[in-house]
Structures are given as structure tokens and as C-alpha cells.
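The values are calculated or read from the model by the stated rules, or taken from the named source; none is laboratory data. What you see is a predicted model; the values in this text were computed from it and never measured. Virtual Cβ from ideal backbone geometry, glycine too; neighbours counted across all protein chains shown.
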Amino acid sequence: MNKLSSENQSANITPAANIQEDTSNITSSPDNSHDNPSDTPVLRRGQGKLLIFSAPSGAGKSTIVQWLMQEHPEFELAFSISCTTRAPRGTEQNGIEYIFLSPEQFKEKIAKGEFLEYEEVYENRFYGTLKSQVESQSAAGQNVIFDVDVKGGCNIKKFYGDRALSLFIQPPSIEELRRRLVGRQTDSADAIEHRLAKASEELTFSDKFDKIIVNDDLEKAKQKTYEIVKAFLEG
């Protein structure tokens, strides 16, 4: 998961624009499984709520999500582990940070309609959320937390509506984002430039989220996240 320095200076929160706006133009999952009620994961009365965290790579999203889960067990959060076809990084373990699949395995699950959402970010580089995992966790009364890319976050929010709270973690600037990505020392210079170009696009989707948290101070961003999540889960 992303590790983010806490040496920044202040955090701000901005209410997002009306999230009822049609986001169909950004849907990356071409399957039509949501049209079949028997295949649709439905959160029924008394089941867990959903928390969706999205951000450009390096904005601090994963750090905040990890802190929230470790430091606030009273929220009864259960991490939604995404599937990916990328190789594990560092100490990442299958079934912990991600479910690691081959491109062939991922495509087979697409064909079977097993994903709530998925995206091919590069050729044969897929990320996606399995319906079965969300269904089983929410049925158990757990509050499911998603750490997903921007398009995936929009897709999940659009599908679940008011049952989900979507939060966009925003870096203070592209230059600060560059500094963080370089500091991670996990990507080549070309890969960093690609991530920065993608981040510029992803920032244009921020107003489709319920809340925007500008992470220019990690500790303050954590506290703002805590306050928002607490109010949502208790509401």
C-alpha cells in the first residue's frame, strides 16, 4: 500500500457537487450483469454500508484507509480486496493487499460477469472488484471499505447510491504528487510521468464524489476522514 509522508502542512475539506449527475460516460466495465436482478449485489435493510476511497496514485488514499481500519475497530470495517493482474510489490501478499490474477484468469471472470466493476488501465493490466466479496461482507453486517481507482469509485457509487459514501483524496498539487511518487521508489521515470498524466485526468472527476479531502497534511486529513466516516455510519 502507498506510504505517505506526514510532513505536509494543512488539510481542507470541500463538499463535492451533486453526485446524482449521470456518470455513464466514465463507466469502464462493459459487462451488462447489473441488468439482471439475480446477478445484482443488493444491500438490504440492516446490512453494512459502503465506504469508497479514490484518488490519483500517490495522493495518500491507501495510507488513510489503512489507518482508519487499524485505529478505529469500532467502525467494523471490512476491506474490499480488489483483483489485479499486476505483479505484487515488495511484501504484498495474495489475498491481503490484492487478489493477484493472470490476465487470462481475469478475463474469464469478466466473461462470467463476476465483477461489480473493473478497468483495464494498461494493456492486460486489470483492476476490479468481485461482486461475491461485497455481497458476503455486507450480508454479514460489515461496513465494506473500498480502495479503488477513480473510475471504479464512480461506478460503485453510481450503483449503490445512498448506501455508499464516496471520498476523493486530493493531492495539494501535481508537483507535490510528483515528489511523493519519486519518493516511493517503486516506479521508473517513464511510469511516474504516465501516472502524473493520468492523475491530471483523474482530478477532473473529483466533483462526482460526495466529499473531497485535500491531503496537504496527513494527520489533519486523517481526522477529517474520521469525522466524515463517523457521521455517515451513525446516520
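Note on the range 149-235: enclosed helices (runs of 4 or more DSSP H) holding 1 or more residues that are over 28 Å from residue 74 (Cα atoms) are 150-160, 174-184, 189-202.
Among the acidic types (Asp, Glu) and under 19 Å from the mean Cα position of the chain (by Cα): is that true of residue 190 in this structure? Considered against the rule, which asks whether it is among the acidic types (Asp, Glu) and under 19 Å from the mean Cα position of the chain (by Cα), residue 190 comes out as no. Considering the range 91-117, and only residues there that are aliphatic (A, V, I, L, M) and surrounded by 16 or more Cβ atoms within 10 Å (Cβ to Cβ), the residue that is nearest to the chain's Cα centre (by Cα) turns out to be 116. The conditions of being surrounded by 14 or more Cβ atoms within 10 Å (Cβ to Cβ), more than 19 Å from residue 155 (Cα to Cα) and at pLDDT 95 or above are not met by residue 53.
Only residues that are surrounded by fewer than 22 Cβ atoms within 10 Å (Cβ to Cβ), touching a helix residue (DSSP H, G or I) at 6+ places or on another chain (Cβ under 9 Å), hydrophobic (A, V, I, L, M, F, W, C) and farther than 15 Å from residue 95 by Cα were counted in the range 124-144, giving 0. Taking the listed residues 190, 207, the one that is closer than 22 Å to residue 159 by Cα and not aliphatic (A, V, I, L, M) is 207, with no other qualifying. Residues that are part of a helix (DSSP H, G or I) and either in contact with a Pro (Cβ under 7 Å, 6 or more places away or on another chain) or of a type in the set (Phe, Trp, Tyr) (or both) within the range 91-136 comprise 106, 131, 134, 135, listed in sequence order.
Answer yes or no: is there a residue in the range 83-90 that is assigned to a strand (DSSP E or B), modelled with pLDDT of 80 or more and either surrounded by 15 or more Cβ atoms within 10 Å (Cβ to Cβ) or among the charged types (D, E, K, R) (or both). The answer is yes; a qualifying residue exists.
Taking each residue of the range 161-188 that is farther than 24 Å from residue 209 by Cβ and in contact (Cβ under 8 Å) with a residue 40 or more places away in the chain and looking for partners that are of a type in the set (Ser, Thr, Tyr) and not in a helix (DSSP H, G or I) with beta-carbon atoms closer than 6 Å, six or more apart or interchain, yields nothing.
Just one of the listed residues (126, 100, 75, 79) is free of Cβ contacts under 8 Å to residues at least 24 places away in the same chain and either of a type outside the set (D, E, K, R) or within 23 Å of residue 50 (Cβ to Cβ) (or both), namely 100.
Going by what's in this entry, would residue 210 be described as touching a strand residue (DSSP E or B) at 6+ places or on another chain (Cβ under 6 Å), crowded, with 18+ Cβ neighbours inside 10 Å, farther than 27 Å from residue 116 by Cβ and not aromatic (Phe, Trp, Tyr)? In short, no. More than 19 Å from the chain's Cα centre (by Cα) and within 14 Å of residue 59 (Cβ to Cβ): does that describe residue 180? No, not satisfied.
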